[in-house]
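Since the structure comes first, as structure tokens, the remarks are kept for the end.
The values are calculated or read from the model by the stated rules, or taken from the named source; none is laboratory data. Because the structure is predicted, anything quoted here is derived from the model rather than measured. Ideal geometry is used to build each Cβ from the backbone, glycine not excepted, and the neighbour counts take in all protein chains shown. Remember, those area values only see protein heavy atoms, side chains included, never the ligands or the DNA or RNA. Shrake-Rupley method; radii C 1.70, N 1.55, O 1.52, S 1.80 Å.
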Amino acid sequence: SEIVGLNEAFQDLLSRLDRSYRDLGEAHQALARSESRLSRAIAASSDGIWEWSYRTGQTYFSPRWYEMLGYRDQELPMTFETWKELCHPDDFAEASRRIQEVVLSNGTKSYHAEFRMRARDGQWKWILGRGDVIERDSEGKPLLLSGTHTDTTERRLAEERLRQSEEKFFQLFRLSPDAIVLLNVDSGRLVDVNDSFVTISGYSRGEALGRKLTELGLYRNPAEREEIYSRLNRDGVLRDFEFEALRKDGSVALCAMTCQTLDIDGAPHLLAVLRDITQMKKLQDVMIQSEKMRSVGGMAAGIAHEINNPLGIILQAAHNLLQRTRPDFPKNIEAARDIGLDMELMVRYMRVRKLD
């Protein structure tokens with residue numbers, strides 16, 4: 001009976017060992033499948049993977065990590081010094097400080113930093129580094145750090161282009177000789193105004209922002225405001241609409257407005273450009289008046305010319321008569337003597353009869 005009992009116990013042990021081996025085999029297969037999925041995910045990822053042994057300084061860089069910088073796989077040594085040498089000198093100190101914060105945080109922080117790295121062609125690429133301490137010893141000291149590097153160069157370039165575009169727009173907005181206003185259509189309140197609006201209206205920027213144009217009394221004739229919005233609703237844009245604007249001091253400025261609606265952050269806004277044409281209109285009036293006077297002058301010159309033609313003939317004839325009745329002119333004296341005429345008596349006669 002003891003032998004039978006031992007045999008049964010042995011068979012039970014063998015059965016349990018068999019199950020254990022099968023379970024272990026299944027676990028190995030599951031691990032292999034998991035590692036395979038992870039490998040495929042890493043290969044397909046656009047991020048570079050890194051691991052860093054904090055004690056030894058040895059690192060692991062994935063093939064994508066090298067590829068991202070233009071290097072062949074494992075072309076550079078897998079060490080902390082490799083990353084340090086590739087990191088831009090101006091960015092290394094800040095990136096290192098953030099790593100140390102994670103190391104000393106005892107698991108309360110994750111590593112997150114953006115820095116430049118030198119690619120194989122000598123260009124600098126912007127890299128977003130993320131990671132964490134994934135293994136510590138019994139005393140909480142870091143053993144292994146792991147994370148990713150993401151190429152953010154295109155995003156940074158796009159952000160820089162956007163920043164430059166916004167800077168140009170801001171300079172154009174602020175320095176424009178025309179007044180520019182931006183107001184929320186729903187509330188009718190001013191969101192922004194430039195310096196020229198301050199000059200034209202007389203209101204400071206602080207006085208204008210958050211208020212309506214009607215509150216500022218900008219429209220001398222309220223019907224013109226209704227006309228502006230009517231045309232906007234009909235055409236979507238308004239060009240060179242002339243209206244009289246009231247300044248803060250009560251004086252009137254003749255303005256030409258061009259405006260249209262646009263969406264900003266999902267809300268309709270009105271962007272309007274106002275040009276003070278008061279002086280231009282005065283100059284136009286002066287030019288029109290000058291043109292009228294020039295026309296009148298031309299007409300007068302023509303009339304004077306027509307009058308001067310016969311008048312010249314008359315003056316010439318009168319001059320000849322005057323010359324030929326002079327008593328001291330030799331030819332007159334000779335002609336009078338030939339016909340027995342007393343020139344002195346003739347001159348006295350002409351004076352008496354007002355012929356002279």
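What to note about this one:
- Base-10 log of normalised Debye intensity for the stretch 93-175 (one unit scatterer per alpha-carbon) at q = 0.18 Å⁻¹: -0.83
- Charged side chains reduced to their Cβ positions (Lys and Arg at +1, Asp and Glu at -1) give the stretch 256-309 a dipole of some 260 debye around its Cα centre.
- Rounded to the nearest 20 debye, dipole of the stretch 85-211 from Cβ charges on Lys, Arg, Asp, Glu: 60
- Alpha-carbon Rg/Rh ratio, for the chain, with Rh computed the Kirkwood way: 1.57
- For the stretch 229-328, the share of accessible area belonging to carbon and sulfur comes to 58 percent (1.4 Å probe, ligands and nucleic acids excluded).
- Rounded FRET efficiency, nearest 0.05, which uses the C-beta distance separating A158 from Q284 and R0 of 51 Å: 0.60
- Top positive-direction residue, dipole computed over the stretch 274-356 with Cβ charges, set P310, M293, V347: M293
- Viscosity 1.567 mPa s, 4 °C: Kirkwood-radius Stokes-Einstein D of the stretch 131-226 over Cα pairs, µm²/s: 72
- Spin-label pair L143/E166, simplified geometry with 7 Å Cα→Cβ offset, distance in nm: 4.6
- For the stretch 45-87 versus the stretch 200-214, the gap between their alpha-carbon centres in whole angstrom: 58
- Over the chain, DSSP H runs of length four or greater, each weighted -39,500 (n - 2.57), average out per residue to a 222 nm ellipticity of -18000 deg cm²/dmol.
- Distance between modelled label sites at D195 and T258, nm, 7 Å Cα→Cβ extension: 2.2
- For the stretch 192-266, the fraction of alpha-carbon pairs in successive 5 Å shells from zero, as %: 3, 14, 23, 25, 22, 10, 2, 0
- Annotation for the stretch 298-356 versus the stretch 108-134: alpha-carbon center distance of 113 Å.
- Cα-based helix-to-principal-axis angle, 330-339 vs the chain, degrees rounded to 10: 30
- Restricting the stretch 77-145 to trypsin sites (Lys or Arg not before Pro) in coil, as DSSP defines it, with at most 14 other Cβ within 10 Å: K109, R120
- Segments 322-335, 191-204, 262-275 sorted - mean Cβ within 10 Å per residue, highest first: 191-204, 262-275, 322-335
- Calculated on C-alpha atoms, the gyration radius of the stretch 258-356 divided by its Kirkwood radius gives an Rg/Rh of 1.73.
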